[in-house]
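Before any comments, here is the structure.
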Amino acid sequence: MWCQRLAWLLRGPCRQRGSTGRRWPWLPRDPGPVLAVPARCHPTATESPRCAWQLHRDHLELRYGSTLMRLDFVWLRDHCRSASCYNAKTNQRSLDTASVDLAIQPQAVRVDETTLFLTWPDGHVTRYGLEWLVKNSYEGQKQQVMHPRILWNAEIYRQAQVPSVDCRSFLETDEGLKKFLQNFLLYGIAFVENVTPTKEDTEILAERISIIRETIYGRMWYFTSDFSRGDTAYTKLALDRHTDTTYFQEPCGIQVFHCLKHEGTGGRTLLVDGFHAAEQVLRQAPEHFELLAKVPLKHEYVENVGGCHNHMIGVGPVLNVYPWNNELYLIRYNNYDRAVINTVPHDVVRRWYHAHRALTAELRRPDNELWVKLKPGKALFVDNWRVLHGREAFTGYRQLCGCYLTRDDVLNTARLLGLQA
């Protein structure tokens with residue numbers, strides 16, 4: 001669904017009225033084929049119906065299977081994987097991109113069933129596997145999903161019966177760790193059971209998949225209702241659904257919660273799949289989705305309590321998407337910390353409020369609310385870029401510990417175990 005809506009982010013002044021296709025405003029119209037080359041498609045030498053190509057003045061048009069690619073000549077020269085242009089041992093580019101003639105054209109082009117061959121004016125030959133081109137071209141990328149997910153509401157998640165992972169298996173086996181990460185990547189939440197209820201053991205758990213991200217709250221934090229920090233979370237009050245650290249330029253990627261002790265009532269944790277809610281907005285009112293993905297907002301954290309003095313400001317839209325395929329990768333939603341809206345002109349602000357109200361209504365739908373009672377020994381990992389969390393009010397003494405993890409390191413661990421992340 002995300003991919004089908006790329007046009008919503010590209011619409012605007014650059015889209016001509018009555019136009020039947022998308023055109024980028026900064027690119028000239030296609031000048032057509034090179035005069036020296038017939039304006040017909042060239043099938044491969046074996047007359048394979050899967051591949052045909054045509055030269056234009058500044059790019060090669062190549063159809064392979066069901067994918068039609070338009071590959072700029074400079075791009076084709078820049079991405080050459082020959083030994084002199086690319087270091088296969090370090091997986092780094094050796095070619096100096098600034099040395100490539102921006103008007104470069106190939107001297108000869110040949111395509112067989114599996115490979116594209118280009119000979120450049122200096123005699124250098126570049127070879128590309130056609131499958132590699134499909135995977136790495138713009139046209140190929142916009143058809144792919146960066147991060148496979150299962151969107152859920154409370155009923156979908158319960159019916160999936162996603163298992164928790166035992167602490168020992170998580171810490172000592174790649175199989176247990178991979179199982180945990182697969183659940184986390186698909187659903188945005190995952191649980192580890194039988195964790196010794198101490199801060200030190202929770203820290204060991206977190207370090208299994210990532211470097212702990214130290215923030216203004218420290219490295220590992222205790223979480224009680226003593227109002228030791230200038231934040232509503234440090235009270236016994238209910239907390240509405242939100243994502244954390246929206247006031248960071250890059251919000252923390254993963255949050256770890258472990259309830260060490262609770263002598264009282266209430267305090268259940270609320271979890272909501274923000275991507276599921278955003279998908280509903282996209283289906284019902286795509287203009288709202290577009291606005292939430294375009295309009296930048298400020299979120300702010302001001303603290304002057306005891307020895308803690310902080311003033312953090314983060315800027316970004318509520319919904320953040322990859323521009324080439326419109327895949328949502330980050331939701332920044334926290335009504336507590338949203339700053340004054342002074343980044344939106346008056347003719348847009350009311351429409352933004354309507355869009356925000358539509359998303360809020362979806363986030364607050366009772367069937368989207370997953371309520372979980374955290375208890376000693378059960379650690380919860382939350383994708384803070386996707387899943388919103390909150391809590392009900394509670395009584396008595398309640399102590400949690402936890403930390404933030406760096407998203408890059410978690411995804412790195414997943415990829416090393418063979419997962420798509």
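The values are calculated or read from the model by the stated rules, or taken from the named source; none is laboratory data. Values in this document were obtained by computation on a predicted structure and should not be read as measured data. Glycine gets a Cβ as well: all are built from the backbone with ideal geometry, and neighbour counts include every protein chain shown. These area figures cover heavy atoms from the full protein model, side chains too; ligands, DNA and RNA do not enter into them. Shrake-Rupley method; radii C 1.70, N 1.55, O 1.52, S 1.80 Å.
Of the residues in region 74-109, how many are of a type outside the set (Lys, Arg) and within 23 Å of ARG50 (Cβ to Cβ)? So that I can check it myself, show each step before the final result.
We begin by selecting, within region 74-109, every residue of a type outside the set (Lys, Arg); these are 74-76, 78-80, 82-88, 90-92, 94-109.
So of that shortlist, the ones also within 23 Å of ARG50 (Cβ to Cβ) come out as 75-76, 79, 106, 108-109.
Of the residues in region 74-109, 6 are of a type outside the set (Lys, Arg) and within 23 Å of ARG50 (Cβ to Cβ).
Please list, ordered by residue number, the strands (runs of 3 or more DSSP E) wholly in region 173-284 having 2 or more residues that are of a type outside the set (Phe, Trp, Tyr). Talk me through it step by step, then tell me what you get.
Details: elements: 189-193, 221-223, 239-242, 254-263, 269-273.
Answer list for region 173-284: 189-193, 239-242, 254-263, 269-273.
Within region 292-318, count every residue that is more than 21 Å from the chain's Cα centre (by Cα) and not hydrophobic (A, V, I, L, M, F, W, C).
9
Would you confirm, using the coordinates I've provided, whether THR360 is among the hydroxyl-bearing types (Ser, Thr, Tyr), open to solvent by 10 Å² or more (accessible area, probe 1.4 Å), modelled with pLDDT of 95 or more and over 22 Å from PHE191 (Cβ atoms)?
In short, yes.
Tell me which of these CYS403 doesn't satisfy, since it passes every other one: (1) in contact with a helix residue (DSSP H, G or I) (Cβ under 9 Å, 6 or more places away or on another chain); (2) over 16 Å from GLU290 (Cβ atoms); (3) modelled with pLDDT under 95.
Of everything listed in (1) in contact with a helix residue (DSSP H, G or I) (Cβ under 9 Å, 6 or more places away or on another chain); (2) over 16 Å from GLU290 (Cβ atoms); (3) modelled with pLDDT under 95, CYS403 misses just condition (3).
Within the bounds of region 250-262, is there any residue that is in the same structural domain as ALA393 (by the TED database), small (Gly, Ala, Ser) and in contact with a His (Cβ under 6 Å, 6 or more places away or on another chain)?
Looking for residues that are in the same structural domain as ALA393 (by the TED database), small (Gly, Ala, Ser) and in contact with a His (Cβ under 6 Å, 6 or more places away or on another chain), one finds none in region 250-262, hence no.
Going through ARG208, ARG283 one at a time, which residue ends up being at pLDDT 95 or above, more than 25 Å from CYS167 (Cα to Cα) and surrounded by fewer than 17 Cβ atoms within 10 Å (Cβ to Cβ)?
None of the others qualify; the one that does is ARG283.
Which of the residues belonging to region 100-143 are more than 30 Å from SER66 (Cα to Cα) and open to solvent by 80 Å² or more (accessible area, probe 1.4 Å)?
ASP101, PRO121, ASP122
Could you tell me which numbered condition PHE289 fails, if it satisfies all but one of (1) open to solvent by 20 Å² or more (accessible area, probe 1.4 Å); (2) under 20 Å from the mean Cα position of the chain (by Cα); (3) under 14 Å from ARG351 (Cα atoms)?
(1)
So which pairs qualify, if the first residue must be in region 402-421 and over 17 Å from ARG219 (Cβ atoms), the second must be of a type in the set (Ser, Thr, Tyr), the Cβ gap must be under 7 Å, and the two must be at least 6 apart or on different chains?
Filtered contacts from region 402-421: THR413/SER210.
Can you tell me which residue in region 220-237 is surrounded by the most Cβ atoms within 10 Å (Cβ to Cβ), limited to those that are out of contact with any helix residue (DSSP H, G or I) (no Cβ under 8 Å at 6 or more places or on another chain) and modelled with pLDDT of 85 or more?
Per the criteria, the residue is TRP221.
Taking strands (runs of 3 or more DSSP E) that fall entirely within region 1-110, which contain at least 1 residues that are of a type in the set (A, V, I, L, M), closer than 30 Å to GLU287 by Cα and modelled with pLDDT of 95 or more?
Here the list reads 67-72.
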